[in-house]
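J.: Attaching a single structure in structure tokens format; questions to follow.
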Amino acid sequence: MDFDDVEAPIKATSRVSRFAPKASKLNPKTEQVLVPKSEQCEAKLDSMDIEMTEADIQEDLTHANPMEEDGGEDVVVREIDVYFSPSINGGTKLYVMQFPLRPSWRPYELDELCEEVRLKPESSEVEVDLSVDLESSNIDSDFSDKLKYTKETLSTTWKPPPVNGCAVGLLMGDKLHLHPVHAVVQLRPSRHYLDSGGSEKKDAAPSKKQNKPMGSSTEQKSDDDQCWVPLKYHGCKSDIPSRYFQQMVAHESSPINFEMNTYDYIATLCPGVSSKTLAKGPSKRFLLSLPVEKRLETLLIEGPPLHRFSDIKHFAPEYSDDKLLSFLQQHAQLLQGYWVPKGRLLYPEDGKQLLARNYVILMFHKSLKVLTDDLRSLGGRVRPFLMQFALENSDLKDKYWKFKELPDESFIKKFPNIVKQQEEVYKILEQEVFAIVGNRRR
């Protein structure tokens, strides 16, 4: 806070854009306000008052930002349930239509001007016809008659690229309803009326297709690509869009089996992230305060059931890859490219739990999908471990458990020698497990 210019006139200024015209009325005027002499005297502050004021301000800032005191942890301010519907109905496709040459404050008046919408189903190309006021002073009537310019057409100038992973969402209260998007198209004014034949060629395409005899499949497909399907435009205020909006709100829901667990999803976005926010395992700050071997053992025991090698490296920066792999082979085993702690670390004195867990790990080492019937030999003891590594599913034939993650192919390709050594470990484990439970595989 600087009080050197307290007695100087107080100026009220506003920032002037460097793009504003010089002679424009938009140029703000600089006003100068003079403070009366009596008020200037009252504005003088001694040094003690200044220090107290700064302290008060600092205290206010501290109370206004309590998150800085507790380490800056984020607070959940709202929870939103997400619903996903693969489609609205069997014959409906969602298109996102963009108009890059028109700003949001100057949209096309589709409700009043739209005459027709055309679509090429094979290529997802779109055209929109808008009526034109031919009596407008902006249009040369002589040229419009000569060029047969009777309407404005907005069209896609190239085949829209495929859309993957895009969706349209409706937020209704605390529920977000998502629907996949079929295509995203950009519409710009077309100059087809400058071409000879212009719209006549387009209108003749469907009739040509009807009169032409059936030929080869290649020719038929080429004709299909050239065929435009006319559609009728319905404004957003009509009843038909309202019915579709109602269908986009999911009324029944079933849980979605995500391929990644919460920890690995966050770790993929932010490698080495603290697992404290995931309510699973100790924080990274706590782990890094421990000796490296104790740190890694704690991570294996108290952390998530599956560990990517790339994530573990963030917790042992002082170890080389070879040294870290040597440690992991002593205290963990490889499962589909992930490291899981050995059973003796988790259950050093509980033989039944150790046997059930080893049985589950062995089955998922052999296959990403394990039938429920193949796991009944140990009864209910295996279910807690199944829930750690897999998701329960069913089809028309069987019930089965599917491994939660896709194999970590990057590790498998980078360290084939480690993978080969772990295969020998599993051979020994298989002998030990089936010597007790018997070989009940199908």
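The values are calculated or read from the model by the stated rules, or taken from the named source; none is laboratory data. All of these numbers come straight from a predicted model, not from anything done at the bench. Note that each Cβ is placed from the backbone with ideal geometry, even for glycine, and that neighbours are counted across all protein chains shown. For accessibility, only protein heavy atoms count, side chains too; no ligands or nucleic acids. Shrake-Rupley method; radii C 1.70, N 1.55, O 1.52, S 1.80 Å.
J.: Got a sec? Which of Asp133, Asp129, Asp111 is surrounded by 12 or more Cβ atoms within 10 Å (Cβ to Cβ), farther than 18 Å from Val168 by Cβ and out of contact with any strand residue (DSSP E or B) (no Cβ under 7 Å at 6 or more places or on another chain)? Let's see the steps before the verdict.
T.: On the way: Asp133 fails: surrounded by 12 or more Cβ atoms within 10 Å (Cβ to Cβ); Asp129 fails: out of contact with any strand residue (DSSP E or B) (no Cβ under 7 Å at 6 or more places or on another chain).
Unique residue meeting the criteria: Asp111.
J.: Quick one: what pairs do we get from region 91-102, first residue over 14 Å from Ser190 (Cα atoms), second open to solvent by 60 Å² or more (accessible area, probe 1.4 Å), C-beta under 7 Å, 6+ apart or different chains?
T.: Every condition considered, the pairs that remain are Lys93/His182; Leu94/His182; Tyr95/His182; Gln98/Gln186.
J.: Could you figure out which of (1) in contact with a strand residue (DSSP E or B) (Cβ under 9 Å, 6 or more places away or on another chain); (2) within 17 Å of Glu423 (Cβ to Cβ) isn't true of Leu306?
T.: Of the numbered conditions (1) in contact with a strand residue (DSSP E or B) (Cβ under 9 Å, 6 or more places away or on another chain); (2) within 17 Å of Glu423 (Cβ to Cβ), the odd one out for Leu306 is (2).
J.: Next up: Return the total of residues in region 369-381 being surrounded by 12 or more Cβ atoms within 10 Å (Cβ to Cβ) and either assigned to a helix (DSSP H, G or I) or in contact with a helix residue (DSSP H, G or I) (Cβ under 9 Å, 6 or more places away or on another chain) (or both).
T.: Pass one, region 369-381, residues surrounded by 12 or more Cβ atoms within 10 Å (Cβ to Cβ): 369-375, 377-378, 381.
With the extra rule that they be either assigned to a helix (DSSP H, G or I) or in contact with a helix residue (DSSP H, G or I) (Cβ under 9 Å, 6 or more places away or on another chain) (or both), the set shrinks to 370, 372-375, 377-378, 381.
The qualifying residues number 8.
J.: Any idea which of Lys414, Lys402, Lys366, Lys420 is touching a strand residue (DSSP E or B) at 6+ places or on another chain (Cβ under 6 Å) and open to solvent by 50 Å² or more (accessible area, probe 1.4 Å)? Show your work before the answer.
T.: Numbers: Lys414 fails: touching a strand residue (DSSP E or B) at 6+ places or on another chain (Cβ under 6 Å); Lys366 fails: touching a strand residue (DSSP E or B) at 6+ places or on another chain (Cβ under 6 Å); Lys420 fails: touching a strand residue (DSSP E or B) at 6+ places or on another chain (Cβ under 6 Å).
The match here is Lys402.
J.: Right, here's the next one. Just checking, which of Val181, Val128 is of a type outside the set (S, T, N, Q), out of contact with any Ser or Thr (no Cβ under 8 Å at 6 or more places or on another chain) and at pLDDT 80 or above?
T.: Working: Val128 fails: out of contact with any Ser or Thr (no Cβ under 8 Å at 6 or more places or on another chain).
On inspection, the qualifying residue turns out to be Val181.
J.: Return yes or no: is Leu154 modelled with pLDDT of 85 or more and either open to solvent by less than 50 Å² (accessible area, probe 1.4 Å) or closer than 20 Å to Glu115 by Cβ (or both)?
T.: Values: modelled with pLDDT of 85 or more: yes; either open to solvent by less than 50 Å² (accessible area, probe 1.4 Å) or closer than 20 Å to Glu115 by Cβ (or both): yes.
For Leu154, the condition - modelled with pLDDT of 85 or more and either open to solvent by less than 50 Å² (accessible area, probe 1.4 Å) or closer than 20 Å to Glu115 by Cβ (or both) - is met.
J.: Moving on to the next point. Out of Gln330, Gln336, report the one residue that is modelled with pLDDT of 90 or more and buried (at least 20 other Cβ atoms within 10 Å of the Cβ). I'd like the intermediate steps shown before the answer.
T.: Values: Gln330 fails: buried (at least 20 other Cβ atoms within 10 Å of the Cβ).
So the residue among Gln330, Gln336 that is modelled with pLDDT of 90 or more and buried (at least 20 other Cβ atoms within 10 Å of the Cβ) is Gln336.
J.: Considering Val117, Val75, which residue is β-branched (Val, Ile, Thr), assigned to a strand (DSSP E or B) and either open to solvent by 40 Å² or more (accessible area, probe 1.4 Å) or touching a residue at least 24 places away in the same chain (Cβ under 8 Å) (or both)?
T.: Details: Val75 fails: assigned to a strand (DSSP E or B).
One residue alone meets the criteria, Val117.
J.: Which of (1) in contact with a strand residue (DSSP E or B) (Cβ under 9 Å, 6 or more places away or on another chain); (2) farther than 30 Å from Lys413 by Cα does Gln353 not meet, given it meets every other one?
T.: (1)
J.: Another one. So for region 350-366 (the condition being of a type outside the set (S, T, N, Q) and not in a helix (DSSP H, G or I)), does at least one residue qualify? Can you show your working first?
T.: Here is the first cut: in region 350-366, the residues of a type outside the set (S, T, N, Q) are 350-352, 354-357, 359-366.
Narrowing the set further to residues that are not in a helix (DSSP H, G or I) leaves 350.
Yes; the residues of region 350-366 include at least one that is of a type outside the set (S, T, N, Q) and not in a helix (DSSP H, G or I).
J.: Continuing with the same structure: Name the residues in region 160-178 that are at pLDDT below 85 and either in contact with an Asp or Glu (Cβ under 6 Å, 6 or more places away or on another chain) or open to solvent by less than 50 Å² (accessible area, probe 1.4 Å) (or both), would you?
T.: Pro160, Val163
J.: Starting from region 233-244, keep only residues that are open to solvent by 50 Å² or more (accessible area, probe 1.4 Å), then list their pairs with residues that are assigned to a loop (DSSP other than H, G, I, E, B) whose Cβ atoms are within a distance under 7 Å, requiring at least 6 positions of separation or different chains.
T.: Once the first residue is open to solvent by 50 Å² or more (accessible area, probe 1.4 Å) and sits in region 233-244, its partners that are assigned to a loop (DSSP other than H, G, I, E, B) give Ile240/His234; Tyr244/Ile88.
J.: Now a separate question. Among the residues of region 373-399, how many are among the small types (Gly, Ala, Ser) and touching a strand residue (DSSP E or B) at 6+ places or on another chain (Cβ under 6 Å)? Spell out the reasoning first.
T.: Step one: of region 373-399, the residues among the small types (Gly, Ala, Ser) are 377, 379-380, 390, 394.
With the extra rule that they be touching a strand residue (DSSP E or B) at 6+ places or on another chain (Cβ under 6 Å), the set shrinks to 390.
Result for region 373-399: 1.
J.: When residues of region 297-335 are filtered for being of a type outside the set (Asp, Glu) and touching a His at 6+ places or on another chain (Cβ under 7 Å), how many remain? Working first, answer last.
T.: To start, the set of residues in region 297-335 that are of a type outside the set (Asp, Glu) comprises 298-301, 303-310, 312-317, 319-320, 323-335.
Remaining after also requiring touching a His at 6+ places or on another chain (Cβ under 7 Å): 300, 335.
So the answer is 2.
J.: Same structure, new question: In region 305-325, what count of residues is obtained for those that are open to solvent by 30 Å² or more (accessible area, probe 1.4 Å) and of a type in the set (Gly, Ala, Ser)?
T.: Going through region 305-325 one residue at a time, the tally reaches 2.
J.: Same structure again: Please tell me if Lys323 is under 26 Å from Lys284 (Cβ atoms) and not aliphatic (A, V, I, L, M).
T.: Details: under 26 Å from Lys284 (Cβ atoms): yes; not aliphatic (A, V, I, L, M): yes.
Judged against the criteria, Lys323 is a match.
J.: Also, I was wondering about something else. With respect to the numbered conditions (1) over 33 Å from the mean Cα position of the chain (by Cα); (2) touching a residue at least 24 places away in the same chain (Cβ under 8 Å); (3) open to solvent by less than 50 Å² (accessible area, probe 1.4 Å), which one is the sole condition not fulfilled by Gly343?
T.: Status for Gly343: all satisfied but (2).
J.: Let me ask something else. Out of (1) touching a Phe, Trp or Tyr at 6+ places or on another chain (Cβ under 7 Å); (2) open to solvent by less than 30 Å² (accessible area, probe 1.4 Å); (3) over 19 Å from Ala332 (Cα atoms), what's the single condition that is false for Glu392?
T.: (2)
J.: Next question. Here are the criteria: (1) surrounded by fewer than 12 Cβ atoms within 10 Å (Cβ to Cβ); (2) at pLDDT 65 or above; (3) of a type in the set (D, E, K, R). Tell me which single one Lys284 does not satisfy.
T.: (1)
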